[in-house]
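Got a structure here, written out as structure tokens. Questions coming.
The values are calculated or read from the model by the stated rules, or taken from the named source; none is laboratory data. Predicted model only: the values in this text are computed from it and were never measured. Counting neighbours? That spans all protein chains shown, and the Cβs are built from the backbone with ideal geometry, glycine included.
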Amino acid sequence: MNVDKLLRKNIRTLIPYSTARDDFKGSASVFLDANENPYNDPYNRYPDPHRQKLREMVSVIKGVRPAQIFLGNGSDEAIDLLIRAFCEPGTDNIISIKPTYGMYKVCAGINNVEFRESMLDSDFQINTESLLHLQDERSKLTFVCSPNNPTSNSLRKEDLLYLAGNFRGLLVIDEAYIDFASSPSLSDEISRYPNIVILQTFSKAWGMAGIRLGMAIASDEIISVMDRIKYPYNINILTQKVAMEQLSDKGRKDRWVKLLLAERARLASGLATLEIVKNVLPSDANFLMARFENAREIFEYLIVKGIIVRDRSGVALCEGYLRITVGTPEENDILLDALKKWMDNKKR
Ligand SMILES: *Cc1c(COP(=O)(O)O)cnc(C)c1O
């Protein structure tokens, strides 16, 4: 895997911004190097551009070396940086699956990079041959999502590894929901398949969507490219501080995941018993896809009841489906009760 050759030419030769703190290593007590205000501790200081302490904590949790970790302002930052590093606007192209998370396409569009989509099969798995058929010498990135949003299933490992072995560019696997999946992360595969980039986030299982912290796991070479082109201080001190506090309690995250998995099963069977629910897809994520005969009508009824779900009924392969995030036991009961009430009203 020649990362340099895959990069845009201007990025290959780019000299990154050097921060005041880059020029100094060690400990000091008088900081007169960054034109900071000496008052208002601790907010007056720029954050660590290398996010070193946080990186080390994440490294232990994820079982990969710190040099294999990029930390970003949500995984959305990693998506954007990969596109900007590897895709020449107006020339290169990106391949992805359909349906999937909308951000890959939007980000490609913002960067003026052609976006090619390979429809999933009716079992929501990748047709690897037709996806690879979209590849040409200008294909730099393939984005897939496993477990996939919105279809809630994991993609087959053998398909993903086959793609990694047969795609000339980078295969980006978005594992935002991996903590809820029955199969483990593919982060172990990056040594065997150096063109794999794994995206993960602290927004879902870790319950930190508000502080904006996402990550990429990849070879040292790919990570150093992302670090070179990010905003120097992309993770602010508030996020770094709160993340380190929260990450020190892994047990709490594991308890949440266990509870949410139990609720996912309970909500799925609760929905399945309702006459108006035609199907509930098996889920490897913290949400359920439920098909209704009149999805839009139910969606709007729920809004009136103060319950917001996501209407995916217009999405290809997801016709008639509402996407329902697994909430607390109380929230899930409120949803089930509201749906029962809707049926009772119809009968009368
Ligand atoms: C929620 C989600 C994310 C998380 O994005 P952040 O920017 O890290 O909050 C990433 N990918 C997918 C597919 C998601 O559904």
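Which of the strands (runs of 3 or more DSSP E) contained wholly in region 246-329 include at least 3 residues that are touching a residue at least 12 places away in the same chain (Cβ under 8 Å) and under 20 Å from Gly207 (Cα atoms)?
321-325
I'd like the residue in region 76-110 that is assigned to a loop (DSSP other than H, G, I, E, B) and within 19 Å of the chain's Cα centre (by Cα) and, out of all such residues, is farthest from the ligand (Cβ to nearest atom).
Filtering first and then ranking leaves Pro99.
Look through Leu141, Leu155 and report the one residue that is under 19 Å from the mean Cα position of the chain (by Cα) and within 14 Å of the ligand (Cβ to nearest atom).
Result of the check over Leu141, Leu155: Leu155.
Applying the selection to region 1-41, what residues are among the basic types (Lys, Arg) and either surrounded by 14 or more Cβ atoms within 10 Å (Cβ to Cβ) or in a loop (DSSP other than H, G, I, E, B) (or both)?
Correct list: Arg8, Arg21, Lys25.
Can you name every residue in region 126-157 that is part of a loop (DSSP other than H, G, I, E, B) and either surrounded by fewer than 17 Cβ atoms within 10 Å (Cβ to Cβ) or modelled with pLDDT under 95 (or both)?
If the condition is that a residue be part of a loop (DSSP other than H, G, I, E, B) and either surrounded by fewer than 17 Cβ atoms within 10 Å (Cβ to Cβ) or modelled with pLDDT under 95 (or both), then Asn127, Leu134, Asp136, Glu137, Arg138, Arg156 are the ones that fit.
Further question on the same structure: Would you say Tyr193 is in contact (Cβ under 8 Å) with a residue 12 or more places away in the chain, hydroxyl-bearing (Ser, Thr, Tyr) and in contact with a Ser or Thr (Cβ under 9 Å, 6 or more places away or on another chain)?
Judged against the criteria, Tyr193 is not a match.
Consider Ala216 against the criteria (1) touching a Ser or Thr at 6+ places or on another chain (Cβ under 8 Å); (2) assigned to a loop (DSSP other than H, G, I, E, B); (3) closer than 23 Å to Ser187 by Cα: it satisfies all of them except one. Which criterion is unmet?
Tallying (1) touching a Ser or Thr at 6+ places or on another chain (Cβ under 8 Å); (2) assigned to a loop (DSSP other than H, G, I, E, B); (3) closer than 23 Å to Ser187 by Cα, Ala216 fails exactly one: (2).
Each row is one residue, and each column tells you yes or no for (1) more than 11 Å from the ligand (Cβ to nearest atom); (2) of a type outside the set (A, V, I, L, M, F, W, C).
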residue: Gln125; (1), (2): yes, yes
residue: Leu131; (1), (2): yes, no
residue: Ser182; (1), (2): yes, yes
residue: Lys204; (1), (2): no, yes
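With respect to Val225, is the statement that it is β-branched (Val, Ile, Thr) and in a helix (DSSP H, G or I) true?
yes
So, in region 184-202, of the ones that are part of a loop (DSSP other than H, G, I, E, B) and either aliphatic (A, V, I, L, M) or more than 16 Å from the ligand (Cβ to nearest atom) (or both), which residue ends up surrounded by the most Cβ atoms within 10 Å (Cβ to Cβ)?
Applying the filter and picking the extreme gives Asn195.
Sticking with this structure for a sec: Given the conditions (1) among the aliphatic types (A, V, I, L, M); (2) over 24 Å from Asp249 (Cα atoms); (3) part of a loop (DSSP other than H, G, I, E, B), and given that Val64 satisfies all but one, which numbered condition is not satisfied?
With respect to (1) among the aliphatic types (A, V, I, L, M); (2) over 24 Å from Asp249 (Cα atoms); (3) part of a loop (DSSP other than H, G, I, E, B), Val64 is out only on (2).
Return a yes/no flag: does region 166-176 have any residue that is within 16 Å of the ligand (Cβ to nearest atom) and in a loop (DSSP other than H, G, I, E, B).
Yes: one or more hits.
Based on this model, can you work out whether Thr19 counts as among the polar types (S, T, N, Q), without any contact (Cβ under 8 Å) to a residue 40 or more places away in the chain and more than 16 Å from the ligand (Cβ to nearest atom)?
Spelling it out, it is not the case that Thr19 is among the polar types (S, T, N, Q), without any contact (Cβ under 8 Å) to a residue 40 or more places away in the chain and more than 16 Å from the ligand (Cβ to nearest atom).
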